[in-house]
Amino acid sequence: MSSVLSTHTMPSGPSPSPQIAAANAAAASFAALEAKLDYLDASDVEQVRRAYRFADTAHLGQIRHSGEPYITHPIAVAAQCAEWKLDAPALMAALLHDAMEDCGVTKADLVEQFSTTVAELVDGLTKLDKLQFTTREENQAESFRKMLLAMARDVRVILIKLADRTHNMRTMSDMPRSKWARISTETLEIYAPIAHRLGLNQTYRELEDLAFRHLKPWRYSILSKAIGRARQRRRDLIQKVQHEIESALNEAGLVARIVGREKALYSIYTKMTEKHLSFAQVNDLYGVRVILSSVINCYTALGLLHQLYKPVPGRFKDYIAIPKVNGYQSLHTTLVGPASVNMEFQIRTEPMDLVAESGVAAHWLYKAGENERPQGEQLGTQWLQSLLDIQDETRDATEFWDHIKVDLFPDAVYVFTPKGQIMALPHGATVVDFAYAIHSNIGDHMVAAKVNGEQVPLRSELANGDVIEIITAPVSAPNPAWLGFVRTGRARSSIRHHLKTLAHNESSQLGEKLLAQALRAEGLDHLPGLEPVDKPIWEKLQRFTGNRTREELLTDIGLGKRSANMVAKRLVTMLAAQGHKPDALLLTRERYTAHENLSQGAVMLDGGENTSVKYATCCRPIPGDGVLGYLGRGEGLVVHTDECAVARRLQHKDAERFITVAWADEPVRAFEVGLVVTVVNGKGVLARVAVALAEAEADIIHLGMADEAAQDAIDLRFVITVRDKAHLDAVLRNLRRTHSVLRASRITPAAH
């Protein structure tokens, strides 16, 4: 196996007998593959033959668990790719896909022998060196990311990978039984969903059934026998239905290809387990596919079928008008056939049938002009592009895998933009997911949303047919709380990327303030600038601290990972060597005023800070309070009131990490504060308290109360927002005048 999350059938096994050896040699020959290459021209076939010879030599002496020469595996993978009519470079990569991993062949060798395209395809399929990773899970995630990104750049990578996995699943019985469960689980959780996501339904069904056979052999065997018996009983019924449909369509002048089909084993098994049904209760084991020449004929045939057999209410789906997210198009209807047996009918055109079975591979299979390119290929490409977008915002492999996992299962809802464009999103997606699906800038700046003309909360889940309008504002930014309800990987990665960038920028700005403040305390009134003449100073300072860039150094100071005082002292020494002497007057003034919190170097608090400055929830400081700034290790600046018991304990053991902070003259937002309101227990009391708070222009953020229903007086605990201490005093006065309120006071750590 090449690439990720899979196990190789490495060279091993007994020596085959002469008869088996002869059969193996025939299987390992190029002739079996060449018979399928009639769609390629002679020069392309010769290129594929060259790749075969190279792979044959590279794998010489390697034997699969079955006793066959190892080259039989690359030939089988290439043969599957030939079924999809992939081009010569893809077939060459299929033949060479294990050469880099198992045979010591390098990417440069492949570029030299063949082409850069072939080498890139093979490299995309090759696992990363396990020694680079500390855990197997990390190796899997990184390798899977590498394969997905190669696939996003060139979809042929995943088609070869799926052909590779399919052949390994077909020959799983020859592998040690101890590997069956892991490889089958990977197939069900990763490769089958990818095949489904890309519209490769035939491969998707085969992978699921092969995984089911090896994961639960006993259940597979019992179910297989039950279907075999049902097939014998229903053969006449299927033939009768096909004959009746053919006659009805012929009478209407419609020419159709009618195919009977059986529900896949794993699909039956999951339906039985999810809906707690017995085999006898699964009533749609069989279906009929009706393939016609045009879309109009499909809808005409639907009407004829509904006249021929009674339709089951609620079991009609029009995937022609609104295709599935993987490009699948068809009309689905369930009818009550002869003997009252429910049967599903799928009605589609020939191109739709091709896309339904082959998905993105139909790009190569379909011979129509560019304007008639199958829709599955277009939709598949959109999903692949979204992988690249997520990668741009997510550098961590495990996080990347978490983001895209949800997108692999296309249980979709279909919604509309105000202009009528259809969009498909995963089941459970919210209006925020919709905004990010349109564009990351729309999501980053959204403030509100309307669904079907009515304003809704941003966490509202979407339903089929919803029309969504997003309202944006230039000053708006993503809220960390959105991560709690968004469903798509694209939205999640965009929000995290924005928050990380924001945190970095704010921490860098705070670090610059702190370093400038520490430098003033050493008698220098400003930091070196960004001019070329100052560059050597910053480079020396970075070497001292071990930071790669000036921004990284300032960010570390802002996050409390590095002491501003220590960096300032080193900077003073460096500047002194260049002739910059401390200013005695500034030094005296800074030291004189520091204890009075009047230092010009204080960090000013206006409430505009987000991630770099936090307001402690133990004391909830508000403008007007005396405040202290604690530079926590790795968590930025935490602001406490100067009376806070928690801050006093921290000051006692970690005094050097406290810095001077002061309130700005005009804070830009409201601040949270805790209140405890003791009231007489009775009807309407909570409503009266809420009205009093509203009249005082205080917003309620949180309300809590103890389970004291039987007591005469109870405590209501609020978290409200106020502008400053004067506003809080006004709120408390209003509460104390309210009927049934006995006491109202601010919650402080000392009061707990």
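Okay, here's what the table says:
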| item | result |
| --- | --- |
| Condition met for Ala687 (over 30 Å from Leu553 (Cβ atoms) and without any contact (Cβ under 8 Å) to a residue 24 or more places away in the chain) | yes |
| Some residue of the stretch 115-122 being modelled with pLDDT of 80 or more, over 30 Å from Glu357 (Cβ atoms) and over 32 Å from the mean Cα position of the chain (by Cα) | yes |
| Options Ile296, Ile320; residue that is more than 21 Å from Arg235 (Cβ to Cβ), free of Cβ contacts under 8 Å to residues at least 60 places away in the same chain, assigned to a loop (DSSP other than H, G, I, E, B) and among the aliphatic types (A, V, I, L, M) | Ile320 |
| Qualifying residue in the stretch 475-488 (condition: crowded, with 18+ Cβ neighbours inside 10 Å, of a type in the set (Val, Ile, Thr) and modelled with pLDDT of 80 or more) | yes |
| Yes/no for Leu215 being surrounded by 21 or more Cβ atoms within 10 Å (Cβ to Cβ), under 25 Å from Phe279 (Cα atoms) and either in the same structural domain as Ala280 (by TED's automatic domain parsing) or in contact with a Ser or Thr (Cβ under 8 Å, 6 or more places away or on another chain) (or both) | no |
| Residue match in the stretch 511-533 (condition: outside the structural domain of Ala321 (by TED's automatic domain parsing), in contact with a strand residue (DSSP E or B) (Cβ under 8 Å, 6 or more places away or on another chain) and either among the hydrophobic types (A, V, I, L, M, F, W, C) or without any contact (Cβ under 8 Å) to a residue 40 or more places away in the chain (or both)) | yes |
| Flag for Asp712 being exposed (fewer than 15 other Cβ atoms within 10 Å of the Cβ), modelled with pLDDT under 85, not assigned by TED's automatic domain parsing to the domain that holds Asn565 and not polar (S, T, N, Q) | yes |
| Identity of the residue in the stretch 614-628, under 17 Å from Ile659 (Cβ atoms) and out of contact with any Pro (no Cβ under 7 Å at 6 or more places or on another chain), that ends up modelled with the lowest pLDDT | Lys614 |
| Strands (runs of 3 or more DSSP E) (entirely within the stretch 618-736) containing at least 2 residues that are farther than 23 Å from Pro749 by Cβ and of a type in the set (Val, Ile, Thr) | 671-680 |
| Count of residues meeting criterion [within 16 Å of Gln421 (Cβ to Cβ), part of a strand (DSSP E or B) and not acidic (Asp, Glu)] in the stretch 451-469 | 3 |
| Cβ-Cβ under 8 Å pairs, at least 6 apart or on other chains, the stretch 461-488 side more than 15 Å from Ile438 (Cα to Cα) and polar (S, T, N, Q), far side in a strand (DSSP E or B) and modelled with pLDDT under 85 | Asn464/Val413; Asn464/Tyr414; Asn464/Val415 |
| Residue check, Glu246 assigned by TED's automatic domain parsing to the domain that holds Asp353, modelled with pLDDT of 85 or more, in a helix (DSSP H, G or I) and of a type in the set (D, E, K, R) | yes |
| Filter pass, Ile442 being in a helix (DSSP H, G or I), surrounded by fewer than 22 Cβ atoms within 10 Å (Cβ to Cβ) and touching a strand residue (DSSP E or B) at 6+ places or on another chain (Cβ under 6 Å) | yes |
| Hits in the stretch 615-671 (condition: among the small types (Gly, Ala, Ser) and under 21 Å from Ile557 (Cα atoms)) | Ala616, Gly629, Gly632, Gly634, Gly636, Ala647, Ala655, Ala662 |
| Boolean, Arg234 is in contact with a Phe, Trp or Tyr (Cβ under 7 Å, 6 or more places away or on another chain) and crowded, with 18+ Cβ neighbours inside 10 Å | yes |
| From the options Leu95, Leu60, residue that is buried (at least 20 other Cβ atoms within 10 Å of the Cβ) and either part of a helix (DSSP H, G or I) or in the same structural domain as Leu162 (by TED's automatic domain parsing) (or both) | Leu95 |
| Every residue from the stretch 475-509 that is part of a helix (DSSP H, G or I), of a type in the set (A, V, I, L, M) and over 19 Å from Ala429 (Cβ atoms) | Leu499, Leu502, Ala503 |
| Breaking point among (1) acidic (Asp, Glu); (2) exposed (fewer than 13 other Cβ atoms within 10 Å of the Cβ); (3) outside the structural domain of Val567 (by TED's automatic domain parsing), for Glu469 | (2) |
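For (1) touching a Gly at 6+ places or on another chain (Cβ under 6 Å); (2) surrounded by fewer than 19 Cβ atoms within 10 Å (Cβ to Cβ); (3) among the hydrophobic types (A, V, I, L, M, F, W, C); (4) in the same structural domain as Leu735 (by TED's automatic domain parsing), each residue gets a yes or a no:
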{"site": "Leu637", "(1), (2), (3), (4)": "yes, no, yes, no"}
{"site": "Val646", "(1), (2), (3), (4)": "no, yes, yes, no"}
{"site": "Phe658", "(1), (2), (3), (4)": "no, yes, yes, no"}
{"site": "Thr678", "(1), (2), (3), (4)": "no, yes, no, yes"}
{"site": "Leu686", "(1), (2), (3), (4)": "no, yes, yes, yes"}
{"site": "Ala690", "(1), (2), (3), (4)": "no, yes, yes, yes"}
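The values are calculated or read from the model by the stated rules, or taken from the named source; none is laboratory data. Nothing here was measured: the structure is a model prediction, and the numbers come from that model. Cβ atoms come from the backbone with ideal geometry, glycine included; neighbour counts cover every protein chain shown.
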